Amino acid sequence: MAKITASVYTSHVPAIGVAIDGGKTAEPYWAPLFAGYEPSKQWIEANRPDVVFLVYNDHATAFNLDLIPTFAIGTGAEFAVADEGWGPRPVPKVVGHPELASHIAQSVIQDDFDLTLVNRMEVDHGLTVPLSLMFGQPEAWPCKVIPFAVNVVQYPVPSGARCFALGQAIRRAVESFDDNLNVQIWGTGGMSHQLQGARAGLINADWDNRFLDRLIADPAGLSKVPHIHYVREAGSEGIELVMWLIARGAMADVAGGPAPTLKHRFYHVPASNTAVGHLILENNV
Amino acid sequence: MAKITASVYTSHVPAIGVAIDGGKTAEPYWAPLFAGYEPSKQWIEANRPDVVFLVYNDHATAFNLDLIPTFAIGTGAEFAVADEGWGPRPVPKVVGHPELASHIAQSVIQDDFDLTLVNRMEVDHGLTVPLSLMFGQPEAWPCKVIPFAVNVVQYPVPSGARCFALGQAIRRAVESFDDNLNVQIWGTGGMSHQLQGARAGLINADWDNRFLDRLIADPAGLSKVPHIHYVREAGSEGIELVMWLIARGAMADVAGGPAPTLKHRFYHVPASNTAVGHLILENNV
Amino acid sequence: MALDKPYLDVPGTTIFDAEQSRKGYWLNQFCTSLMKPENRARFLAGERAYLDQWPMSEQQKLAVLARDLNRCIALGGNIYFLARIGATDGKSFQQMAGSMTGMSEEEYRAMMVAGGRSPEGNRVLGEEGDAQPHNQPQGEASRMFREAGCLARAKNGGA
Amino acid sequence: MALDKPYLDVPGTTIFDAEQSRKGYWLNQFCTSLMKPENRARFLAGERAYLDQWPMSEQQKLAVLARDLNRCIALGGNIYFLARIGATDGKSFQQMAGSMTGMSEEEYRAMMVAGGRSPEGNRVLGEEGDAQPHNQPQGEASRMFREAGCLARAKNGGA
Ligand SMILES: [Fe+3]
Ligand SMILES: [Fe+3]
């Protein structure tokens, strides 16, 4: 049986990718941020997943205005790294897990989530920066990755409650897969940031830290926060945080199991325009 | 306020399009079928909609295996007629209603339906054959059309119950649109047919007629029929009938209003490989 | 436990699910390419060469060349994709569907005009309907096929 | 009644909803074209000619030529699409975001290093924060801008 063993949460700021790719991680601006991910690299070395179910948003890369899926699951065998305008990041291609991805798709569609299945798409910094933060710069990514893209670009984006319920359905789906697989689910994006207008650069450290507290201890309550609160408090792009609720919904305690163990918590301002938040929660089942 | 005034249900067999485009509607094979749509043409002449919300399935035309949305709503200004391999049908392009379509999308996504928004796609016989059956061969279609494509090609397809619930959400969405619009919702596809294997040509007139009975009088009960019943009883492609439940769910009685009036009912075998069913239900509100 | 597939015991019927879709990915995408008139022309001008541009299995290519739609479906094809091949050949959906039953075009058309194939005996594998595996192929061809089989068996001493 | 848009009273913020998306469709699709290196080169080699191939409004084209991202957003652009223009110019997301505040690159970077813009006074239109319309533009440029405005008003007799 496949099992969700842990969930990882992290911002996916493009500038972090630029810093890694350009060898700038030791510079004074970046050193404190990367220091915050050192424990995570050690943790994942000791807790290597077979598959990462990686929840992220596409930033007008694979999907432009011709077609916008609310939830898209990557069921393909591999996914190329996109050219977002600066040339593709020099990172390995992403290898999928078509069998598990199709299995999850089948299960959650029967659970009334109206997914879009995608066999061919390019993945952008939303997916590759978290991989770089956790795995560094390997020749090939050390595990398979199922990309799961959420629309948070054009409104309406899915509600926190919908995301939280989807996470629960994903958990049921993973646990009904016959092969023994160690699966981690990652929720990415956020924390507070705004990339537009006179309000660009907004950071709300208090709100972010309360979000982290509640994500750990009261995810069901947190899932009921309406979008407008994210926008007002965490900036227009802070809405990406709803994606963390998908990963959190997949943890055992939400289905009546034991509470997860907090293995790591980190918060840092700034990375470029953005506040960086990071959590690792381990399941105890 | 926009209002759903009626729902129309019809098969969308490609050969019907070929017969219309080729001027064969008076031939002995086809005459009984087109006679069955004469009352419908008169009815729609007297009950001209401003917009048709047209539920159909794409037959590997706009969507191939690269990307398969469960539910896709056409929010674009117009939609070209596809070349399905025999050259495009000689019918007018389809003009959309971007404002109403976006409004419906926004409303039903907030109601937890995970739509894919599509601004650019070509539409196939699933959408154009019903238009031809109801409107004949005009220079331009006499109303706007919002294409709504449902995946019934690759399993899992959405359940009857999910489709029925979606119809109810669409009704709420239409009624919250400010402009006065006469909106019809059409459910297309089916009835019994199988296009593959040793069982090709299966027709189950009893089952089809019970489906029509229940769609009129007991849609909530009908919506609980599992997929496998459709496959066993109505052939592998009979599964298209789940789309009729979207249109039926949008009728007033489902939301506690008065029962609709049956304006027309027609059933005919065969059109090519398929049984043809057709209903018109008028709302009494 | 794995997901339920309640549709595996329907005779003469392959449900196009994720597993079939993975198997038939390139076969179906090749078919999609035939939606462009220039590709239809290129395919017809040199079928094998056109097929060799696609990462399809040799079995899939042979099934396409033979226009054996049942075999195409067994190898992951889906009828709505495969219909692009029929369209390229100028065939209708009725001709394509009929070709999978073993019946002649006239036999299949006559069956449809007479009300189509009955579901009786064709709901579950192991019943006695005309779509059951042990009753294939169907139509006039099948009688000739069976007689030829009998003759062959008689010749080989009944093995 | 129409759908609720509770996000219209957030200062300095445009939510990219269906209405903005319709308005900005071609502007954003033009931006998408810049994901291909050959298109970036063609755009840089002749910006106006490249823009004229797209059914964008004249206002949208002028806003792109001026690299006025605030104006682009008002005309239906979305920052993730508009970022392709910045990428083509070799600019970072920080440079692009900063350019919309009126601050210099150094001022904006310093604000971020100091912990970013405070949400205080910036949650609802009409409060007193630095992102409110009556406090634009921000930074050193604004002081010069305001002084210039005062001088002009003084010159025009205080109108
Ligand atoms: Fe992001
Ligand atoms: Fe159909």
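At-a-glance table
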read-out: Shielding by other protein chains, C:76-87, mean Cβ within 10 Å; value: 5
read-out: Area hidden from solvent between B and C (accessible, protein heavy atoms only, 1.4 Å, total, Å²); value: 4000
read-out: Other-copy label distances relative to A:Gly257, 7 angstrom Cα-Cβ extension, nm; value: 4.6
read-out: Estimated dipole of segment A:150-215 in Debye, rounded to 20 [Cβ of Lys and Arg +1, of Asp and Glu -1, Cα centre]; value: 280
read-out: Expected 222 nm ellipticity per residue - DSSP helices of 4 or more, -39500 (n - 2.57), all of chain D, to 500; value: -14500 deg cm²/dmol
read-out: Chain D - Kirkwood radius from inverse mean 1/r over Cα pairs (Å); value: 17.6
read-out: Residue of chain A whose Cβ sits closest to the axis mapping A onto B, with distance in whole Å; value: A:Asp114, 2
read-out: Selection from A:Gly87, A:His97, A:Asn209 lying farthest towards where the dipole of segment A:57-215 points positive, charges on Cβ; value: A:Asn209
read-out: Dipole of segment D:13-91, positive end: most advanced residue of D:Phe43, D:Leu27, D:Thr13 [Cβ charges, Cα centre]; value: D:Phe43
read-out: Net charge of Cβ neighbours under 15 Å - reference D:Phe43; Lys, Arg +1; Asp, Glu -1; value: +3
read-out: Under 18 Å from C:Lys5, Cα to Cα: aspartates and glutamates that are on another chain or at least 8 residues apart; value: A:Glu99, A:Asp111, A:Asp112, A:Glu175, A:Asp178, A:Asp179, B:Glu233, B:Glu237, C:Asp17, C:Glu19
read-out: Shape call, segment B:65-104: gyration tensor on alpha carbons, a/c limit 1.5; value: oblate
read-out: Cross-link partners of C:Lys91 among aspartates and glutamates (Cα-Cα below 13 Å; sequence separation of 8 or more within a chain); value: B:Glu84, C:Glu105
read-out: Average silhouette area of segment C:13-91, convex hull of alpha-carbon atoms, in square nanometres; value: 4.7
read-out: Distance between segment A:1-48 and segment B:133-190 - C-alpha centres, whole angstrom; value: 46
read-out: For segment A:194-227 versus segment C:31-64, the gap between their alpha-carbon centres in whole angstrom; value: 53
read-out: Relative contact order of segment B:3-282, defined on C-alpha pairs under 8 angstrom at six or more residues apart (%); value: 30
read-out: Percent RCO, i.e. relative contact order, over segment C:13-91, from Cα pairs under 8 Å lying at least 6 residues apart; value: 46
read-out: Burial of 40 Å² or greater, segment A:104-122 residues [accessible area, probe 1.4 Å, versus chain by itself]; value: A:Gln106, A:Ile109, A:Asp112, A:Asp114, A:Thr116, A:Leu117, A:Asn119, A:Arg120
read-out: Where rotation carries C onto D, the chain C residue whose Cβ is nearest that axis, in whole Å; value: C:Lys36, 11
read-out: Dipole-positive endmost among A:Asn64, A:Ala77, A:Val108 within segment A:43-117 (Cβ charges, Cα centre); value: A:Ala77
read-out: Apportionment of accessible area to carbon and sulfur, segment A:3-282, percent (1.4 Å); value: 50
read-out: Quarter of Cα convex hull surface for the protein assembly as shown, i.e. mean projection, nm²; value: 41.6
read-out: Note, ³J(HN,Hα) from phi for segment A:95-110, Karplus 6.51, -1.76, 1.60, rounded to Hz, x at Gly and Pro; value: 9, x, 9, x, 5, 5, 4, 5, 4, 4, 4, 4, 5, 6, 5, 5
read-out: Rule-of-thumb Rg ratio for segment A:155-234 [Cα; 2.2 N^0.38 Å; N residues]; value: 1.34
read-out: In segment C:62-147, GluC sites (Glu not before Pro) in a DSSP loop with at most 14 other beta-carbon atoms within 10 Å; value: C:Glu120, C:Glu127, C:Glu128
read-out: Prolate/oblate/rounded call for chain B, Cα gyration tensor, a/c under 1.5 rounded; value: rounded
read-out: Interface B:A - total buried accessible surface [probe 1.4 Å, Å², rounded to 100]; value: 2200
read-out: Charged-residue dipole, Cβ positions (Lys, Arg, Asp, Glu), chain C about Cα centre, Debye nearest 20; value: 480
read-out: Relative contact order (%) - criterion: Cα under 8 Å, at least six apart; region: chain C; value: 24
read-out: 37 °C / 0.692 mPa s Stokes-Einstein diffusion coefficient of segment A:215-285, Kirkwood radius on C-alpha pairs, µm²/s; value: 245
read-out: Ascending list, in nanometres, of distances separating the A:Lys93 label from those of the other copies (7 Å, Cα toward Cβ); value: 3.7
read-out: Rounded to 10°, Cα long-axis angle of helix C:79-88 versus longest principal axis of chain C; value: 70
read-out: Area of B:Asp21 that stays accessible when all protein chains are in place (1.4 Å probe, Å², to 10); value: 50
read-out: Check: chain B dipole with +1 on Lys, Arg Cβ and -1 on Asp, Glu Cβ, in debye; value: 480
read-out: Across the identical copies, how the C:Glu140 labels are spaced - nm, sorted shortest first, 7 Å along Cα→Cβ; value: 9.4
read-out: Reach of A:Lys41 by Cα under 22 Å, taken over lysines that are not fewer than 8 positions away in the same chain; value: A:Lys3, A:Lys24, A:Lys93, A:Lys144, A:Lys263
read-out: Overall form of segment B:1-142 per C-alpha gyration tensor (a/c, 1.5; a/b vs b/c); value: oblate
read-out: Dimensions in Å of segment A:30-69 - Rg and Dmax from alpha carbons; value: 16.0, 43
read-out: In Å², nearest 10: area of C:Ser118 left accessible to a 1.4 Å probe; value: 50
read-out: Separation between Cα centres of segment B:254-285 and segment D:74-100, rounded to whole Å; value: 52
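The values are calculated or read from the model by the stated rules, or taken from the named source; none is laboratory data. In this text the structure is predicted, and so the values were computed from the model without any measurement. Quick reminder, even Gly has a Cβ in these numbers, built from the backbone with ideal geometry, and neighbours come from all protein chains shown. We work out accessible area using only protein heavy atoms, side chains counted, and drop any ligands, DNA or RNA first. Shrake-Rupley method; radii C 1.70, N 1.55, O 1.52, S 1.80 Å.
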